[in-house]
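Structure, as structure tokens:
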Amino acid sequence: MDIEANIQELQRRITQACERSHRLPSDITMVAVAKGFPASAVKAAFDCGVRDFGENRVQEAERKIGQLPDLKADVTWHMVGHLQSNKAKAAVELFDIIHSVDSTRLAGILNRRAQGTLPVLLEVNVSGEATKSGFAVEEVVEAVEEVRRLPNLELNGLMTIAPLAANPEEVRPVFRKLRELQYSLGLEHLSMGMTDDFEVAIEEGATILRIGRAIFGNRRR
């Protein structure tokens, strides 16, 4: 697996998607999601210039970040997976930003646990899939108002996970809906788009991409 070549190809595709949508590549943050890969893979991506890394599980992140003490000052760690409330204390100590705040209850717990200001995104279940976490679209306005009142949280934007689809065009309406919500609420960031659909996500306004397989390859079973 040539991580350097993968990153170069990914950056080329991001640039092309930005050109199509009249955007600047510098406006896009690419988060390398290292779930299931060792600390050595994170270090390899770091050596290629990546500075934003994502993890899905607190326990795995704790182990991996502990193996990379020299990177801590230069890396932004993103929590991108479902966060259980009993892991909130560890999460605020490990991560610089949490994408997956999926309830006002979790937001309240994070607010109590945070030391200083913690940037967060609200996860929105735009497609309404029963298997996905997140706020329903009609709940977002009220949730935003409530989270904005929490003094230790900085609400930076919205996040969604699009349904699996053979054709990325099929999920364009999901990304568009999230962008409309973001715009109406005056929020800065949209965390949307993964390996199979990130180009469409960029065209629809994504500011943060969560990329795993296109950087690190298929996860080991």
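Does residue 130 qualify as being of a type in the set (Gly, Ala, Ser), in contact (Cβ under 8 Å) with a residue 24 or more places away in the chain and either crowded, with 19+ Cβ neighbours inside 10 Å or farther than 25 Å from residue 23 by Cβ (or both)?
Judged against the criteria, residue 130 is not a match.
Would you be able to say whether some residue in the range 96-109 is outside any helix (DSSP H, G or I) and either of a type in the set (S, T, N, Q) or modelled with pLDDT under 95 (or both)?
yes
Scan the range 88-104 and give yes if some residue there is over 18 Å from residue 77 (Cα atoms), of a type in the set (A, V, I, L, M, F, W, C) and surrounded by 13 or more Cβ atoms within 10 Å (Cβ to Cβ), otherwise no.
No, every residue in the range 88-104 fails to be over 18 Å from residue 77 (Cα atoms), of a type in the set (A, V, I, L, M, F, W, C) and surrounded by 13 or more Cβ atoms within 10 Å (Cβ to Cβ).
Can you pull out every residue in the range 21-50 that is touching an Asp or Glu at 6+ places or on another chain (Cβ under 7 Å), under 15 Å from residue 216 (Cα atoms) and surrounded by fewer than 20 Cβ atoms within 10 Å (Cβ to Cβ)?
35, 48
The values are calculated or read from the model by the stated rules, or taken from the named source; none is laboratory data. Computed from a predicted structure; not experimentally measured. Ideal geometry is used to build each Cβ from the backbone, glycine not excepted, and the neighbour counts take in all protein chains shown.
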